[in-house]
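The next block holds one structure in the form of structure tokens; read it before the comments.
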Amino acid sequence: MSHFSSKLIAWYEKSARELPWRHTEDPYYIWVSEIMLQQTQAATVIPYYQRFIQTLPTIQDLAACDEALLMKLWEGLGYYSRVRNMQTTAKVIMSKHQGIFPNTYEELIQLKGIGEYTAGAILSIAFHQKRSAVDGNVLRVLSRYFAVESDIALDATKKEITALNRTLLDDEKPHLYTQAIIELGATHCTKHQPKCDICPISTHCLAKAKDLQYLLPIKAKAKTKKEYHFITFILVDTSGKFVVEKVTDNLLKGLYLLPQVEAEDLAYALEALSADGLEVFYTRPLGHYKHVFTHLIWHMDVYYGKIQAAKAHTLVQSFEDIAMATAHKQIILKEKINV
């Protein structure tokens, strides 16, 4: 066990990628990076992280941030409930913890958006506590190293590997161990093409010894995503302003969308717009777009349209001034509309 940890840490100290959140042990910055890194690759996160902490350098700034600015800072990262939960938690830390980031598992796990992994990562990396932090990378590394052949999607398997990881934590450098094993999973022990020939711990890896590295970890197939079909519109009025709609519920709350109707027929969609006060007098097709969410898929037939006025609707001169949902931002960028 100690050999595993020491080899891993030695490799990490020599070969770790240059990432901005690795130059701090401020729990606020570690927290921001960990939330951003959920479901998102490090290379994608870097510019978002830098812009976020430059704009909101303290937890007090996050707690007081205007919703429109917060959504604009997060625009494009997806999973927007993450940043809404972050602000909720920032407000709780300001009111109940005097602005001081909690340093116990019992306190952290009570905060919105902070689960077992995030709490462990913050306590390990920022506070040097021996806390197990198991994400997808760690599950993959340890399931291969110890040839765990049970389904990693099962809670029982996750608990087994979490307990195993806890025994591997280095007494003196738990923060380095946590970052090292995550780094190994992200760069060497990857999902499809593990680099076993240059892995620092492959000598004693049971999956490699049994030629199972391409079969492990075992994970049940995800459920089929529900699919929706929309007629989506880029509508401009006679003054050159665009119609947008602010989402007030569901996973895109706080973001803006283009007007769209769940339908496959243009005539039906135009009737629906008319009933909503949007009289379209000209349309032309732009193309078909697809956006994949975690649990669903949007298919969008997009039309450019002109209207006389939209008194009861939100109008913007530029899409750059608002936080657009990625599903529709891709359309605006691809069609080079007002960018």
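The values are calculated or read from the model by the stated rules, or taken from the named source; none is laboratory data. Here the structure is a predicted model, which means the values were calculated and not measured. Backbone-built Cβ (ideal geometry, glycine too); neighbour counts: all protein chains shown.
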Problem - Residues of the stretch 245-262 classified as outside any strand (DSSP E or B), buried (at least 17 other Cβ atoms within 10 Å of the Cβ) and either in contact with an Asp or Glu (Cβ under 9 Å, 6 or more places away or on another chain) or hydroxyl-bearing (Ser, Thr, Tyr) (or both), total - result: 4
Exercise for the section: Output the residues belonging to the stretch 311-329 that are surrounded by 20 or more Cβ atoms within 10 Å (Cβ to Cβ) and among the small types (Gly, Ala, Ser). Expected result: Ala323, Ala325, Ala327
Practice task
Tell me which residues, restricted to the stretch 154-168, are closer than 16 Å to Ala121 by Cα, buried (at least 17 other Cβ atoms within 10 Å of the Cβ) and among the polar types (S, T, N, Q).
Solution key: Thr162, Asn165
Completion exercise
Residues of the stretch 133-148 being free of Cβ contacts under 8 Å to residues at least 60 places away in the same chain and crowded, with 23+ Cβ neighbours inside 10 Å, in sequence order, are Ala133, Val134, Val138, Val141, Leu142
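Yes/no matrix, rows are residues, columns are (1) among the hydrophobic types (A, V, I, L, M, F, W, C); (2) touching a helix residue (DSSP H, G or I) at 6+ places or on another chain (Cβ under 6 Å):
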{"position": "Asp171", "(1), (2)": "no, no"}
{"position": "Leu176", "(1), (2)": "yes, yes"}
{"position": "Ala209", "(1), (2)": "yes, no"}
{"position": "Leu212", "(1), (2)": "yes, no"}
Practice task
Can you confirm whether the stretch 316-327 contains a residue that is part of a strand (DSSP E or B) and more than 23 Å from Thr248 (Cβ to Cβ)?
Solution key: no
Practice task
Output the residues belonging to the stretch 91-131 that are surrounded by 15 or more Cβ atoms within 10 Å (Cβ to Cβ) and either on the phi > 0 side of the Ramachandran plot or among the polar types (S, T, N, Q) (or both).
Solution key: Gly113, Thr118, Ser124, His128, Gln129
Handout entry: Single match in Asp171, Asp151 (criterion: out of contact with any Leu (no Cβ under 9 Å at 6 or more places or on another chain), modelled with pLDDT of 95 or more, surrounded by fewer than 23 Cβ atoms within 10 Å (Cβ to Cβ) and not in a helix (DSSP H, G or I))
Key = Asp151
Exercise for the section: Give me a count of the residues in the stretch 178-205 that are of a type outside the set (A, V, I, L, M), free of Cβ contacts under 8 Å to residues at least 12 places away in the same chain and not in a loop (DSSP other than H, G, I, E, B). Expected result: 3
Problem - In the stretch 202-226, residue nearest to Asn137 (Cα to Cα) [restricted to those that are within 29 Å of the chain's Cα centre (by Cα) and crowded, with 16+ Cβ neighbours inside 10 Å] - result: Pro217
Practice task
Could you tell me whether Val302 is in contact with a Leu (Cβ under 8 Å, 6 or more places away or on another chain) and surrounded by 15 or more Cβ atoms within 10 Å (Cβ to Cβ)?
Solution key: yes
Handout entry: Number of positions in the stretch 224-246 that are out of contact with any Phe, Trp or Tyr (no Cβ under 7 Å at 6 or more places or on another chain) and over 17 Å from Val292 (Cα atoms)
Key = 6
Exercise for the section: Kindly check whether there is at least one residue in the stretch 231-244 that is more than 23 Å from Leu315 (Cβ to Cβ) and surrounded by 12 or more Cβ atoms within 10 Å (Cβ to Cβ). Expected result: no
